[in-house]
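Reviewing the structure listed below.
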Amino acid sequence: MAPHYAPSLWARLPAMALMLEIIFIVLFAFFVETEEFKKTKNQEFLYLYANFQDVHVIVFLGFGFMSMFLVRYGFSGTGFGLLVAAMVVQWATFINAFLSSFHSRKICFLVNAELCAASALVAMGAVHGKTNPAQLLLLGLLEVTGLVVNQGLIKKLFKNDTFNTTMQLHVFGALFGVMTSWVLYRSEAEPRHEKEKFDSKTGLFSTLGMLLLWMFWPSINFVEAQEIRIMYSTYLSLAVSAVTAMALSVLLSPKGKINLVHVQGAALAGGVAIGAIRTVLDPWVAMVIGMCATLLSTLGFRYMKDHMLFAFECHDTCGVLSVHAIPGILGWFADLFLQLVNTDDATIAIRFAVHYICILLISVSMSLVTGTITGFLLKLKFWKPQQDRKCFDDQAFWEFPHLAVHN
Amino acid sequence: MAPHYAPSLWARLPAMALMLEIIFIVLFAFFVETEEFKKTKNQEFLYLYANFQDVHVIVFLGFGFMSMFLVRYGFSGTGFGLLVAAMVVQWATFINAFLSSFHSRKICFLVNAELCAASALVAMGAVHGKTNPAQLLLLGLLEVTGLVVNQGLIKKLFKNDTFNTTMQLHVFGALFGVMTSWVLYRSEAEPRHEKEKFDSKTGLFSTLGMLLLWMFWPSINFVEAQEIRIMYSTYLSLAVSAVTAMALSVLLSPKGKINLVHVQGAALAGGVAIGAIRTVLDPWVAMVIGMCATLLSTLGFRYMKDHMLFAFECHDTCGVLSVHAIPGILGWFADLFLQLVNTDDATIAIRFAVHYICILLISVSMSLVTGTITGFLLKLKFWKPQQDRKCFDDQAFWEFPHLAVHN
Amino acid sequence: MAPHYAPSLWARLPAMALMLEIIFIVLFAFFVETEEFKKTKNQEFLYLYANFQDVHVIVFLGFGFMSMFLVRYGFSGTGFGLLVAAMVVQWATFINAFLSSFHSRKICFLVNAELCAASALVAMGAVHGKTNPAQLLLLGLLEVTGLVVNQGLIKKLFKNDTFNTTMQLHVFGALFGVMTSWVLYRSEAEPRHEKEKFDSKTGLFSTLGMLLLWMFWPSINFVEAQEIRIMYSTYLSLAVSAVTAMALSVLLSPKGKINLVHVQGAALAGGVAIGAIRTVLDPWVAMVIGMCATLLSTLGFRYMKDHMLFAFECHDTCGVLSVHAIPGILGWFADLFLQLVNTDDATIAIRFAVHYICILLISVSMSLVTGTITGFLLKLKFWKPQQDRKCFDDQAFWEFPHLAVHN
C-alpha cells in the first residue's frame, strides 16, 4: 500500500545535491581566487585555530545534536544539519569571495562561511521535522543568500564599521525560519504531533549538543568581535543564564519541576544577547543582560510558543524565536542603550538611535519577506514532502537495516 | 496521593538561585575591579585559549557526563553539574578577585574559577542522587569557600611559591564530599538502591564523559603547573593507567570480565596522581606512578567502596575516594619522595618532609571538618530532600512531557 | 553450562597487558632519552596544541565512537579502542625514539605516536567484534611495528623528504586489518551475524564519533603536512564529501532512503584522499577529488563489501577498505597525476611515476604480508577467542551489574 511509505527521496535530493555540487565546483574553478586561498600564513591562522574549531564544533555538532531532542528524529536532526551546513559553507564561501568578503580581518573565508551556516541552521530549527532534506537544502541556500544580500545592503546604506554579523545571524535566521514554518503550517499534524516529544535517550543527546553550544559560545562571539572582553562578558552572561534558566523553569512550572527543553534553550539566551553587543561591558552589566535575556526566553518558551501555534498557526519546532530572535533583539537594544549612555551629545545620540533601529528594521523586514517567499517555494508539491503522519520521523528518510533483518 | 511525588522544588531552588544571582551581580558591581577585567591582552589570552577550553570541557561536559552512569539520573547528572558549576564559577571569580587571586600568572580569573568548580563537582560526585539541586548548590558554594580559605591559610602559613592547587582540588573535594555523604546517610536507601546501576545507554554516555576527562586531563594539569613536562608526564601516566585499569579490572573480577565503572574511575587515577606532583619527572617514573595510582584506585573500587558503606555507613556514589582522594595523596607523597631523593642536605630534606605532611594534614582536616558541617546543614528538613524511593531518579526533579502526552 | 559463557579473559588479557606495561617501563627507563623529553619549549608546543588535541580527540574518541554502531558492541568499541590506542601510543613512542623519529619537525613524540595509534585503530576496524581484547592488543602492536618498519624501509630506499605518513596510515592500516580479518574468517558467524546491525541509539553514538572525525580531519592532515593549504583543501573536500555521500546513498538505495553507516563512512573519504596528497591544490581540484573519493567509497560500501564477503570470505566490520584504503590509494594517484601535470621534463615525470608506484606497491605488499601473518598468530587457540554466538557482543567481556541485581 503506497500511502504507508513516505515519498521516496530518489528523484529529488540526489539530482539537486549533485547538480549543485557540480555547479559549485565550476563556480569555484572560475571565480574563487586561488591567490586569496593560498596567501594565508600558517602563523596567523594557527593563532586563531582553537577559536575557529570551537565555531566548527558549534555548527556541525552542537546545532545538530541540540535539535535531536525529538524522540524519532535523531538521524535527521544531525544528518540533515550536516548536509545543509556542508552545502551552505561552500555557497557562502563562493558568494563572499564573489561579493568581496564583508569582514577582511577574519581568518580568510572559513569563519564567514561557518557563521552563515550557523544562521541557516537557526532557520532550520523552526521547520525541523516538517520538511524533507531537499526542502531543507533549498531553505539553507536561500536563507544565506538573503542574509548576505541584507548585510551588503546595510553596509551600502550605513557605511558603518561596527557592523554586527552575530545579531543578524540570530535574528535574521530565526525570523526567516519562523515565517517559512508559518507558510508551511500543516493543520493536520498540529496542534501537537504525537512524535513531537523527547525521551530520556534523546534528551541526553540534546543535552550534549546544548552543552557544546553553551561551552563554545564565547568563541563564536569572539570570532566575530575579535575582542577578548566580549568573550569574558559572554562567559559570565552564560553562567548567569544557566542558573537563571533552571530557577525560572521550576518557578513557572505548575508541578515545580524543571523542563529540559526550556532550560536548554533559555540557558543560551545570555550568549545570544551578548553576541549582539559591541560595546565593552562591565562584568555586572553582562550578568544583568544575561539574566534579562533568560527571563524573556523562558517566558517565550512557556507562553509564547503555544500562543504562536494556536493564534497564528505558526509552529516553531526548536523554539528559535525564544532562543535566538528575542535575546538577539534584546541585545541590540541593550547595545543601543549603552551607546546612548556613553554619549553626551544629543545629536550623536539621536543618530545612533536612528542608525540602530533602521538596521534592525531592515533586517527584520528582509527576513520576514525572504522567509515567506521561501515558504511558498517549499510548499510546492514538486518537493514531495512527507505525509503528516511521517513528520518528526526518521523512518521517512533513513534505512533501518535491523528492521529488514528481523522481517 | 502526596507521598507519590517528590517534594516540589518550587519553594526552594528558584528563590535561592535567583537571590544568589542578584547578590552576585551586586557584589560584582561593587567589588570586581573592571580594570582587572579589561586589561588582559588578546595575544596572551589566545595563546592559552585552547588549553583553557579543554578545562572548560572537563568541568562542564566531562564531569557531568561521567556521573551519568546511573540508569535514571542522566538529566540530573549533567543538569545539576551545569547549575552548580555555573554558580560556583561566579562565586569563585568574586572571592578570588576579593582575596586577590592566589595565582597571578594565570589567564585572569577564568582558570581559577574553573578549577574551583572542578573541585565542587568532585565533592558532588559523592552525594549524587541523594540530594536535591538546592542542597547541591549550597554544597558547591560551601566547598569552594572552604577550598579558598584553606588555600589562603596554607599560603599564609608556609609562604611557598610551589603551591599546588590541583592536589587540593582532588583531595579536598573528595574528602569534603565523602564526609557530607556520611552525614547524609539514608539507612533506608542502602545498602544498594535499586536504581543505583547502569545500563548500556547510560554506560555509553558516561564513557563519553570519562574519555573527555581522560583526553583533556593533560590540559588541566598543565594549566595549573604551566610546565610542558607535566603535560607529557600526565599523557604517559594516563596511557599506562588506561591499560592497567582494564587489566586489573579483569584480574580482580570473579568472572574475569571488565567492570565499566571501575575502569572509568581507575583510568583517570594516573592523571590525578601526576597533578599532585610539581617535580619534573622522567617518563618512566611518570609511568610507574600511573601504574601504582591505578592499582590503588582499582583496589579501592573493588574492596574499599563496599567496606566504607557497610562498616562506616558512608555511601560514595561516584567513588570519588578511589578516583580523586587516594591517587591525589599518592601523588603528594610521590612528589615528597622525589624531592627527598633530589636533596643531599638532611636539614632541607626534613624541612621538605614536614612542609609536605603539614600541608596535607591541614587540607585533610579542613576538608573533613567543613564537609561534616556542610552535611549537617544539608540534613535540615528545610531543604525538602527527596524521599528514599526517589533517590537516583530524574523524575523527582524533571518534567517528562511525553508521559503527560500519553496519559 | 560452560558453553553459555564466553571464555574468561582472566588468564590472557591481564598477564599480557601488565607484562607489556612493565617491559615498556623498563624500555623507557633505559632507552627513551629524557633530554629529548625535557627540551621542548612551552611556546612552540602551545602553538600547535589545539591542533594536537584535535588529533587526540580523533584517535581516542572519534574512532571508538564511530565503531559503536553495532547494536551490542558499544562498550567494547570504545573500551578496546582506548586499550589498544593507549598501549600503541607507548610502543610507538618507544620505537620512534629508538629508531629516531621519522619526522623531526613535529611537536616531539606525541603526534607521531598518535598517528601510529590511528593506523592501528583503522586495522582494528576490520576485525571488530570477532576478536577478544588480548588479540586486539597483539594486532595493534604488530600493525604499528609493521608500519614503522615499512616507513623506515621506504625512507632508506627512496631518501625522500616528501614522505607521506597519512597515506600509509590509511592504506597500510586498512589492508593489514582486512587481511587479518580474512584469515580469521568464521564461516559459522557469517554471512551476517544477527547482532551485526545498528539501532537508533547506537546509530546516534556512531554519528557523534563520525562527526568528531569529520570536523577534526583537517587537523590530522595538517599535523602531518604542516601546510595550511592542505587544511583548507581538506575542509572543502570534506564538505563536498558529506553532501555527495548523502546524495549517492539515496541514489543507490533501492527504496530511495539514506543508509546511515554508508554515509558515515563515505563522508570521510574526501578527507582521507586529501591526506594522501602533498601537492598544493586549487580549491576546485580538492572538491573534485572529494567527490570522486566519495563516489568510490559509496560504491565500495554498496557493492564491494558484500562481494568481498561472499567471493573471498573476507568480512570487514567497519568497511575500512571503502573508508580508508580506496580513498587513500585514489589520493596517492591524484598526487602523482598532479605532480606529472606540473612537470615539463619527461625524465623527471617518469622518475616521479616510478617513485610513487613503488612506494605504494611496497606499502601494499608489506601490509598484506604482515596482516596475513598477524591473522595466523591471532588464530591460535591460545588466545581463547569468543564463540561465534558471542561475536559482536559486549556481554562476553563486560560485567553488567544491573543484570546481577535483577537476578
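Given the condition over 14 Å from the mean Cα position of the chain (by Cα) and either of a type in the set (Lys, Arg) or crowded, with 17+ Cβ neighbours inside 10 Å (or both), answer yes or no: does some residue in region B:164-171 qualify? Looking through region B:164-171, at least one residue is over 14 Å from the mean Cα position of the chain (by Cα) and either of a type in the set (Lys, Arg) or crowded, with 17+ Cβ neighbours inside 10 Å (or both). Consider C:Gln387 carefully, then state whether it is more than 14 Å from chain B (Cβ to nearest Cβ), of a type outside the set (A, V, I, L, M, F, W, C) and open to solvent by 40 Å² or more (accessible area, probe 1.4 Å). When the stated conditions are applied, C:Gln387 passes them.
Do we find that C:Leu18 is surrounded by 14 or more Cβ atoms within 10 Å (Cβ to Cβ), within 7 Å of another protein chain (Cβ to nearest Cβ) and at pLDDT 75 or above in this structure? Considered against the rule, which asks whether it is surrounded by 14 or more Cβ atoms within 10 Å (Cβ to Cβ), within 7 Å of another protein chain (Cβ to nearest Cβ) and at pLDDT 75 or above, C:Leu18 comes out as yes. With respect to C:Phe198, is the statement that it is of a type in the set (Phe, Trp, Tyr), open to solvent by 10 Å² or more (accessible area, probe 1.4 Å) and touching a residue at least 60 places away in the same chain (Cβ under 8 Å) true? It is false that C:Phe198 is of a type in the set (Phe, Trp, Tyr), open to solvent by 10 Å² or more (accessible area, probe 1.4 Å) and touching a residue at least 60 places away in the same chain (Cβ under 8 Å). Taking (1) at the interface with chain C (Cβ under 9 Å from one of its Cβ atoms); (2) more than 24 Å from B:Val55 (Cα to Cα); (3) open to solvent by 10 Å² or more (accessible area, probe 1.4 Å); (4) touching a helix residue (DSSP H, G or I) at 6+ places or on another chain (Cβ under 8 Å) in turn, B:Glu227 satisfies each apart from (2).
Residues being of a type in the set (Asp, Glu) and crowded, with 23+ Cβ neighbours inside 10 Å: count how many of those fall in region C:252-284.
Qualifying residue count for the region: 0.
Taking the numbered list (1) open to solvent by 10 Å² or more (accessible area, probe 1.4 Å); (2) out of contact with any Leu (no Cβ under 9 Å at 6 or more places or on another chain) in turn, C:Ala349 passes all entries but (2).
Filtering region B:285-311 to residues that are open to solvent by 40 Å² or more (accessible area, probe 1.4 Å) and among the hydrophobic types (A, V, I, L, M, F, W, C) leaves B:Val288, B:Cys292, B:Leu295, B:Leu296, B:Leu299, B:Met304, B:Phe310, B:Ala311.
Considering region A:121-155, the residues that are charged (D, E, K, R) and open to solvent by 10 Å² or more (accessible area, probe 1.4 Å) include one that is modelled with the lowest pLDDT, namely A:Lys155. Annotation note: Cβ proximity below 6 Å between a residue of region A:11-22 that is within 16 Å of A:Phe80 (Cβ to Cβ) and a residue that is open to solvent by less than 40 Å² (accessible area, probe 1.4 Å) and of a type in the set (Val, Ile, Thr) (sequence gap 6+ or interchain) occurs for A:Leu13/C:Val250; A:Pro14/C:Val250; A:Ala17/C:Val243. Inspect all residues belonging to region B:337-359 and state whether any of them is closer than 30 Å to C:Asp393 by Cβ and away from chain C (no Cβ under 14 Å). No, region B:337-359 contains no residue that is closer than 30 Å to C:Asp393 by Cβ and away from chain C (no Cβ under 14 Å).
Tally time: how many residues in region C:217-236 are within 19 Å of C:Ser297 (Cβ to Cβ) and either in contact (Cβ under 8 Å) with a residue 24 or more places away in the chain or among the aliphatic types (A, V, I, L, M) (or both)? Counting residues in region C:217-236 that are within 19 Å of C:Ser297 (Cβ to Cβ) and either in contact (Cβ under 8 Å) with a residue 24 or more places away in the chain or among the aliphatic types (A, V, I, L, M) (or both) gives 7.
If I filter region B:395-407 for residues that are open to solvent by 60 Å² or more (accessible area, probe 1.4 Å) and outside any helix (DSSP H, G or I), do I get at least one hit? Looking through region B:395-407, at least one residue is open to solvent by 60 Å² or more (accessible area, probe 1.4 Å) and outside any helix (DSSP H, G or I).
Once region B:53-73 is narrowed to residues that are at the interface with chain A (Cβ under 9 Å from one of its Cβ atoms) and at pLDDT below 90, the residue that is farthest from the chain's Cα centre (by Cα) is B:Arg72.
Every listed requirement among (1) surrounded by fewer than 24 Cβ atoms within 10 Å (Cβ to Cβ); (2) within 16 Å of C:Gln90 (Cα to Cα) is met by B:Cys314 save one, (2).
Can you confirm whether A:Tyr232 is within 11 Å of another protein chain (Cβ to nearest Cβ) and either open to solvent by less than 10 Å² (accessible area, probe 1.4 Å) or farther than 30 Å from B:Val55 by Cα (or both)? Here the answer is yes, as A:Tyr232 does meet what is asked.
Looking at this structure, is B:Ala346 out of contact with any helix residue (DSSP H, G or I) (no Cβ under 9 Å at 6 or more places or on another chain) and small (Gly, Ala, Ser)?
Numbers: out of contact with any helix residue (DSSP H, G or I) (no Cβ under 9 Å at 6 or more places or on another chain): yes; small (Gly, Ala, Ser): yes.
Yes; evaluated as a whole, the condition is true for this residue.
Within the span defined as region A:248-269, every residue fails to be free of Cβ contacts under 8 Å to residues at least 60 places away in the same chain, facing chain B (nearest Cβ under 8 Å), within 21 Å of A:Leu330 (Cα to Cα) and hydroxyl-bearing (Ser, Thr, Tyr).
Would it be correct to say that A:Ala239 is open to solvent by less than 10 Å² (accessible area, probe 1.4 Å), touching a residue at least 24 places away in the same chain (Cβ under 8 Å), in contact with a helix residue (DSSP H, G or I) (Cβ under 8 Å, 6 or more places away or on another chain) and facing chain B (nearest Cβ under 7 Å)? Judged against the criteria, A:Ala239 is a match. Residues that are modelled with pLDDT under 90 and closer than 30 Å to C:Val111 by Cβ number at least 3 in the following helices (runs of 4 or more DSSP H) confined to region C:195-277: C:200-225, C:228-252. Apart from one condition, C:Phe158 fits all of (1) closer than 19 Å to C:Leu368 by Cβ; (2) surrounded by fewer than 24 Cβ atoms within 10 Å (Cβ to Cβ); the exception is (1).
Only a single item in (1) farther than 30 Å from C:Val32 by Cβ; (2) in contact with a Ser or Thr (Cβ under 8 Å, 6 or more places away or on another chain); (3) touching a residue at least 40 places away in the same chain (Cβ under 8 Å); (4) open to solvent by less than 10 Å² (accessible area, probe 1.4 Å) is not met by B:Leu184, and it is number (4).
The values are calculated or read from the model by the stated rules, or taken from the named source; none is laboratory data. None of the values given here were measured: they were computed from a predicted structure. Here Cβ is always computed from backbone atoms with ideal geometry, including for glycine, and neighbour counts include all displayed protein chains. Note: accessible area is taken over every heavy atom of the protein model, side chains too, but ligands, DNA and RNA are not part of it. Shrake-Rupley method; radii C 1.70, N 1.55, O 1.52, S 1.80 Å.
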